[in-house]
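The values are calculated or read from the model by the stated rules, or taken from the named source; none is laboratory data. As the structure is a computational prediction, the values presented were derived from the model and not from experiment. Every residue, glycine as well, gets a Cβ built from its backbone with ideal geometry; the counts of neighbours run over all protein chains shown.
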Amino acid sequence: MSMQNFSHLIKAEAIRLGFDFCGISKAGFLEEEAPRLEQWLLQSRHGKMKYMENYFDKRLDPRKLVDGAQSVVSLLYNYYPFESQKYDDAPKISKYAYGTDYHEVIKEKLKELLNFIRENIGEVNGRAFVDSAPVMDKAWAQKSGLGWIGKNSNLINKNSGSFFFIAELILDLQLEEDLPVEDFCGTCTKCIDACPTEAIIQPYVVDGSKCISYFTIELKEEIPVDVKGKFEGWVFGCDICQDVCPWNRFSKPHRERQFVPDEKLMSLTKSEWNEITEEVFKKLFTASAVKRTGYKGLKRNLKFINGTS
Ligand code: B12
Ligand code: SF4
Ligand code: SF4
């Protein structure tokens, strides 16, 4: 079988497994991204996310992660929910965290895809990643033609917007490459204008250390007072720069059973959120990405957005 046929076979199986888009690029050094990542780190845009400083060389070259790597197979998995939180005045959680933790859901599918490749193509050396290692997920998805990186720094697909997780397989198999697509942000600046903490410091560059997502999920200590009153009700993550993006008018609800949220979670009132006990937290969030902040973190965030800390 030829390189083209292998690529088609892999893409068809990815779609069968529930991925929405699959594209391929040649594994190599991320030349354009290298100086940008370096600057971003030098300017401490990662704040206290120490892990972003690690494995600088590996992050920029998948051949340092997988021996003999030749191709990166990038995959998108839609998480745009059908449901929304019932009460407008209730604290808001990011759509990506409504259901079961995506790491778990997608990892299983990646394993199946890798097994499929081994069974149908041959003994391939490869590894599966979903936000789980020093890999620049967006850069690879962009190179593989799955979308462009917008001014809010998220990958946007012209037909379906940006509410996607990005995953990839790095393989020592030569495959037919896809080409990147055009940037369709044009003169729009909606995301930059809407960001309440001015975290999008210039088009395409997010200062991670100013982002509500960082404060509410990644930061382990107290949230600085200078951002008090700016969270617009977001208690876990933030979707503002995606919600305002015109391309997200094309988002379609996902088809993943495991992402369907608990009805109780969607209908929590403001006072139920504020009175949440550890027991309720565990019940609602054991399988969810929200467990990353822990009960204490969520309580800290609630106090912060209520102005009581
Ligand atoms: C660290 C991180 C964060 C940090 C920092 C955000 C950031 N933009 O880097 C924080 C905690 C703030 C964060 C927040 C969110 N994240 Co996050 N995050 C990551 C992570 C782990 C690494 C990203 C990274 O490498 N950053 C380093 C910087 C340097 O990279 P970058 O932002 O892409 O920077 C590029 C641009 O700045 C550009 N650039 C720089 N200068 C210039 C100049 C010009 C002229 C141009 C054109 C470009 C340019 O080049 C840089 C390098 O390519 C990835 C997973 C992964 N392993 O890749 C997920 C990931 C990016 N996050 C994701 C998500 C969903 C989110 C949130 C939406 C979650 C939420 N709802 O709260 C928010 C969105 C915030 C935002 N607007 O970016 C998804 C994005 C999916 C998508 N469609 O793009 C990812 C890919 C996880 C995944 N596998 O699905 N995240
Ligand atoms: S996620 Fe929210 S805080 Fe972060 S850049 Fe987007 S709008 Fe700003
Ligand atoms: S809101 Fe506008 S500028 Fe921002 S990412 Fe979307 S299209 Fe691009």
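Every condition in (1) in contact with a Ser or Thr (Cβ under 8 Å, 6 or more places away or on another chain); (2) within 16 Å of ligand 1 (Cβ to nearest atom) holds for residue 222 except the one numbered (2). Looking across segment 181-206, just one residue is under 28 Å from residue 22 (Cα atoms), acidic (Asp, Glu) and either more than 9 Å from ligand 3 (Cβ to nearest atom) or free of Cβ contacts under 8 Å to residues at least 24 places away in the same chain (or both), and that is 182.
Considering only segment 200-214, state which residues are touching a Ser or Thr at 6+ places or on another chain (Cβ under 8 Å) and either more than 8 Å from ligand 2 (Cβ to nearest atom) or assigned to a loop (DSSP other than H, G, I, E, B) (or both).
Applying the first criterion (touching a Ser or Thr at 6+ places or on another chain (Cβ under 8 Å)) to segment 200-214 yields 200, 203-206, 209-213.
Listed by number, the residues that qualify are 203, 204, 205, 209, 211.
You will find that of 196, 246, 253, the residue that is over 19 Å from residue 93 (Cα atoms) and modelled with pLDDT of 95 or more is 246 and no other. The residues listed here are 234, 247; of these, the one that is more than 10 Å from ligand 2 (Cβ to nearest atom), surrounded by 20 or more Cβ atoms within 10 Å (Cβ to Cβ) and among the hydrophobic types (A, V, I, L, M, F, W, C) is 247.
Okay, residues lined up against (1) among the β-branched types (Val, Ile, Thr); (2) within 16 Å of ligand 1 (Cβ to nearest atom); (3) touching a residue at least 40 places away in the same chain (Cβ under 8 Å):
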residue	(1), (2), (3)
233	no, yes, yes
240	yes, yes, yes
250	no, yes, yes
262	no, no, no
288	no, yes, yes
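Is at least one residue of segment 253-270 within 12 Å of ligand 2 (Cβ to nearest atom) and out of contact with any strand residue (DSSP E or B) (no Cβ under 9 Å at 6 or more places or on another chain)? No; the residues of segment 253-270 include none that is within 12 Å of ligand 2 (Cβ to nearest atom) and out of contact with any strand residue (DSSP E or B) (no Cβ under 9 Å at 6 or more places or on another chain).
Here's the yes/no breakdown for (1) crowded, with 20+ Cβ neighbours inside 10 Å; (2) small (Gly, Ala, Ser); (3) in a helix (DSSP H, G or I):
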{"residue": "77", "(1), (2), (3)": "yes, no, no"}
{"residue": "83", "(1), (2), (3)": "no, no, no"}
{"residue": "89", "(1), (2), (3)": "no, no, no"}
{"residue": "96", "(1), (2), (3)": "yes, no, yes"}
{"residue": "105", "(1), (2), (3)": "yes, no, yes"}
{"residue": "113", "(1), (2), (3)": "yes, no, yes"}
{"residue": "116", "(1), (2), (3)": "no, no, yes"}
{"residue": "119", "(1), (2), (3)": "no, no, yes"}
{"residue": "124", "(1), (2), (3)": "no, no, no"}
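Yes or no: segment 3-19 includes at least one residue that is modelled with pLDDT of 95 or more, within 24 Å of residue 205 (Cα to Cα) and of a type outside the set (A, V, I, L, M, F, W, C). Looking for residues that are modelled with pLDDT of 95 or more, within 24 Å of residue 205 (Cα to Cα) and of a type outside the set (A, V, I, L, M, F, W, C), one finds none in segment 3-19, hence no. Reported count of residues in segment 280-309, each being modelled with pLDDT of 90 or more and more than 26 Å from residue 257 (Cβ to Cβ), is 12. Of 77, 96, 102, 87, all but one fail to be in contact with an Asp or Glu (Cβ under 7 Å, 6 or more places away or on another chain) and among the aromatic types (Phe, Trp, Tyr); the exception is 77. The sole residue among 227, 181, 206 that is surrounded by fewer than 18 Cβ atoms within 10 Å (Cβ to Cβ), within 25 Å of residue 289 (Cβ to Cβ), at pLDDT 95 or above and in contact with a helix residue (DSSP H, G or I) (Cβ under 9 Å, 6 or more places away or on another chain) is 227. Selection of segment 139-157 for residues being in a loop (DSSP other than H, G, I, E, B) and within 16 Å of ligand 3 (Cβ to nearest atom) yields 146, 147, 150, 151, 152, 153, 154. If you go through segment 158-199 and keep only what is part of a loop (DSSP other than H, G, I, E, B) and within 16 Å of ligand 2 (Cβ to nearest atom), you end up with 162, 163, 185, 188, 189, 195, 196, 197, 198, 199. Here is a check on your reading of the model: is residue 239 touching a Ser or Thr at 6+ places or on another chain (Cβ under 6 Å) and within 16 Å of ligand 2 (Cβ to nearest atom)? Yes; evaluated as a whole, the condition is true for this residue.
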